[in-house]
Amino acid sequence: MKKIASFTVNHDVLTKGMYVSRVDGDVITYDIRMKTPNQGDYLNNGAMHTFEHLFATYARNSALSDQVIYVGPMGCRTGFYFLLRDSVSRSEALDLVQESFAFIAQFEGKIPGSERIECGNYLEHDLPGAKAVAGDMLQVLKDWTAEKMDYES
């Protein structure tokens, strides 16, 4: 089988940040790396789950909601995939991610979609953990630019 693009990225040199993983037609996949791969520190399930609910809710209610295709965690628990239409520039995508993370870092109240009838694992949420991850990533991305979004070869 052909090796998929994300497996060709050298994870030994990958750092936290926001990267363009691939472009498929009019869809851009962004890899938002929140943890350094293979260092033993990963997103815990509860924080990752809560982060997903809040990130997806914010992005799908933003001015770019019609351009959002998917928000979801990486199986390795080092970050999230964020898929947008290519009509959204890299700078606009970065702005939306920063806005989403600021929303998560400051969020108080009931987690959207966290009722039993709305969620397949409604008991496993960690709002303080999600807020901590968002706060850390806001620092990582505060000086990030569209030019930094290409993976190094």
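Quick notes
- Extreme residue, surrounded by the most Cβ atoms within 10 Å (Cβ to Cβ), among residues of the stretch 124-153 that are in contact with a Lys or Arg (Cβ under 9 Å, 6 or more places away or on another chain), under 22 Å from GLN106 (Cβ atoms) and among the aliphatic types (A, V, I, L, M): MET137
- Filter result for GLU108 (free of Cβ contacts under 8 Å to residues at least 40 places away in the same chain, farther than 18 Å from TYR19 by Cα and loosely packed, with under 14 Cβ neighbours inside 10 Å): yes
- Pair list, Cβ < 8 Å and 6+ apart or interchain, from the stretch 48-75 residues that are hydrophobic (A, V, I, L, M, F, W, C) to residues that are at pLDDT below 95: none
The values are calculated or read from the model by the stated rules, or taken from the named source; none is laboratory data. Just so it is clear, the structure is predicted and the values come from calculations on it, not from any experiment. In this analysis, Cβ positions are derived from the backbone assuming ideal geometry, glycine residues included, and neighbour counts consider all displayed protein chains.
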